[in-house]
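S.K.: Structure below; questions to follow.
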Amino acid sequence: MRTRIIVKFVGVAYGAPMSPRRTTATHVATGHRVTRQRSIVAEALGRERVALSAQELHERIRAKHQRIGLATVYRALETQVTDGTATRLERPGHVYAYAACAPEHHHHLVCGRCQRVEDVAEEVMRPMLRSVREKHDFQVDHAQLDLYGLCTRCRPQA
Ligand SMILES: [Zn+2]
Ligand SMILES: [Zn+2]
Ligand SMILES: [Zn+2]
């Protein structure tokens with residue numbers, strides 16, 4: 001996505017030719033803007049107890065920050081996934097959902113109905129990983145291993 005920025009303090013208008021000095025100023029301004037937008041996205045995601053798609057988070061952010069576009073939200077979320085402050089989860093139909101997360105290695109329980117995400121410690125997964133290894137001589141790559149199902153609130157009570 002192409003982004004155009006008006007840097008008011010050096011008087012650059014839309015489409016004005018870029019002198020080297022102006023280019024530098026624009027880059028600085030872009031950096032600040034990106035940082036601010038990323039922190040808006042990170043805060044919005046951090047408030048949620050459920051996993052949200054980029055589009056759903058964008059809809060929530062837009063009420064307060066009209067100028068943040070969907071592509072910006074998506075990029076900010078992917079950056080968080082890369083630096084370990086968010087996790088990327090699957091939804092039916094090849095849609096990604098995101099949840100704020102701690103960078104330490106752990107797994108998730110994801111409710112397919114209410115989208116609630118719960119962290120699972122390694123010791124819960126360890127017996128399963130070990131028995132797959134023993135019975136199948138197969139080492140599971142559990143860098144990205146999340147369990148999808150229904151939480152207690154969403155399950156019909158027997
Ligand atoms: Zn997590
Ligand atoms: Zn649920
Ligand atoms: Zn693990």
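S.K.: Would you confirm whether any residue within region 113-133 is crowded, with 17+ Cβ neighbours inside 10 Å, out of contact with any Gly (no Cβ under 9 Å at 6 or more places or on another chain) and of a type in the set (D, E, K, R)?
M.R.: yes
S.K.: Considering 143, 51, which residue is among the aliphatic types (A, V, I, L, M) and either within 16 Å of ligand 3 (Cβ to nearest atom) or loosely packed, with under 14 Cβ neighbours inside 10 Å (or both)?
M.R.: Answer to the selection: 143.
S.K.: Sticking with this one: What is the number of the single condition among (1) more than 16 Å from ligand 1 (Cβ to nearest atom); (2) more than 19 Å from residue 81 (Cβ to Cβ) that residue 141 does not meet?
M.R.: Here residue 141 meets the rest and fails (2).
S.K.: Answer yes or no: is there a residue in region 74-90 that is in contact with a Leu (Cβ under 7 Å, 6 or more places away or on another chain) and either acidic (Asp, Glu) or outside the structural domain of residue 38 (by TED's automatic domain parsing) (or both).
M.R.: no
S.K.: Checking the conditions here, which among 86, 71 is more than 16 Å from ligand 2 (Cβ to nearest atom), modelled with pLDDT of 95 or more and under 10 Å from the mean Cα position of the chain (by Cα)?
M.R.: So the residue among 86, 71 that is more than 16 Å from ligand 2 (Cβ to nearest atom), modelled with pLDDT of 95 or more and under 10 Å from the mean Cα position of the chain (by Cα) is 86.
S.K.: Can you tell me which residue among 41, 34 is closer than 23 Å to residue 96 by Cα, assigned by TED's automatic domain parsing to the domain that holds residue 92, at pLDDT below 95 and not aromatic (Phe, Trp, Tyr)?
M.R.: 34
S.K.: Go through (1) free of Cβ contacts under 8 Å to residues at least 12 places away in the same chain; (2) part of a loop (DSSP other than H, G, I, E, B); (3) under 16 Å from residue 37 (Cβ atoms) one by one and return the number of the condition residue 65 breaks.
M.R.: (1) is the only condition that residue 65 fails.
S.K.: Let me ask you something else. Looking only at residues that are buried (at least 17 other Cβ atoms within 10 Å of the Cβ) and within 9 Å of ligand 1 (Cβ to nearest atom) in region 82-105, which one is farthest from residue 47 (Cα to Cα)?
M.R.: Among those residues, the one meeting the criterion is 87.
The values are calculated or read from the model by the stated rules, or taken from the named source; none is laboratory data. Everything quoted here is computed from the prediction, not taken from an experiment. Note: ideal-geometry Cβ built from the backbone for every residue, glycine included; neighbour counts use all protein chains shown.
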